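Report on the structure given below.
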Amino acid sequence: MNVNYTNLTVLIISYYSTQDIKRLVKLIDKKIKILIIDNAQEKNFQKNFVNFKNIKILTPKYNTGQVGGINLGFKKIKTKYLLYMDPDVYFKKNLIKSFLLKANKIKNFLILAPQHEKNTYKKEFFSNKKNETKDLHLMKLVHGHFLFFNMQNVKKVGYYDKNIWMYYDETDYCIRAHKKKQKIYVVPYFKV
């Protein structure tokens, strides 16, 4: 099935992550826009991706941390969906296509997240609200290594808290989203 990738941008925050990002780029369809935030201001970083027309690299004046990089991505990306991924994730090549197809079916969500391949979510992470989707898990919290955002609903929640440099940034974001009645789902058969 053909997929229209014009509504999607992948966001990756780099801090000396060149080799991991090179590996990731091979898994991402060349029709998908990729925004890389180079927080390390790594010398010659951009040269590694000069042959990729779908990649744009932003280098902040200083290391903004993971949260600052995600917030910068939120500000710069104009597509309907944003897929944030840590540079060290591993996934099957067709997973992004599967996420996009699932997002187009669900419509009303803030975040879609995969199941971690080796760990399951604790029961405290699940929402106790009524779940109207049978094949997805409605969540209060998800891990932040691979998050598929609906940017329309990101506007309702706002940015990540810039006072949280790293760790628990997604926990804070999910708690705020849950309080605003935004839907966060885990797609249990999508593994990362």
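The values are calculated or read from the model by the stated rules, or taken from the named source; none is laboratory data. Note that the structure is a prediction, hence the values are computed from the model and not measured. Neighbour counts run over all protein chains shown; Cβ positions are idealised from the backbone, glycine included. Side chains included, ligands, DNA and RNA excluded: accessible areas come from the protein's heavy atoms. Shrake-Rupley method; radii C 1.70, N 1.55, O 1.52, S 1.80 Å.
Taking the listed residues ASN48, ASN39, ASN71, ASN63, the one that is more than 30 Å from ASN163 (Cβ to Cβ) and either in contact with a strand residue (DSSP E or B) (Cβ under 7 Å, 6 or more places away or on another chain) or not hydrophobic (A, V, I, L, M, F, W, C) (or both) is ASN48, with no other qualifying. The listed residues are ASN131, ASN163, ASN108, and the only one of them that is open to solvent by 40 Å² or more (accessible area, probe 1.4 Å) and touching a residue at least 40 places away in the same chain (Cβ under 8 Å) turns out to be ASN108. Could you pull out every one of the strands (runs of 3 or more DSSP E) wholly within the stretch 95-179 that has 2 or more residues that are within 17 Å of the chain's Cα centre (by Cα)? The strands (runs of 3 or more DSSP E) meeting that bar are 111-115, 146-150.
Of a type in the set (Lys, Arg) and part of a loop (DSSP other than H, G, I, E, B): is that true of LYS47 in this structure? Taking the combined requirement at face value, the residue does not satisfy it. Looking across the stretch 54-93, just one residue is in a helix (DSSP H, G or I), in contact with a helix residue (DSSP H, G or I) (Cβ under 7 Å, 6 or more places away or on another chain) and open to solvent by 20 Å² or more (accessible area, probe 1.4 Å), and that is GLN66. Within the stretch 134-151, how many residues turn out to be surrounded by fewer than 17 Cβ atoms within 10 Å (Cβ to Cβ) and over 19 Å from MET85 (Cα atoms)? The number of residues fulfilling the criteria is 2. Considering (1) surrounded by fewer than 17 Cβ atoms within 10 Å (Cβ to Cβ); (2) touching a residue at least 12 places away in the same chain (Cβ under 8 Å), the lone condition that ILE96 does not fulfil carries the number (1).
Going through the stretch 29-48 one residue at a time, which ones are more than 21 Å from LYS97 (Cβ to Cβ) and buried (at least 19 other Cβ atoms within 10 Å of the Cβ)?
Step one: filter the stretch 29-48 for residues more than 21 Å from LYS97 (Cβ to Cβ), giving 37-48.
ILE37, ASP38, ASN39, listed by residue number.
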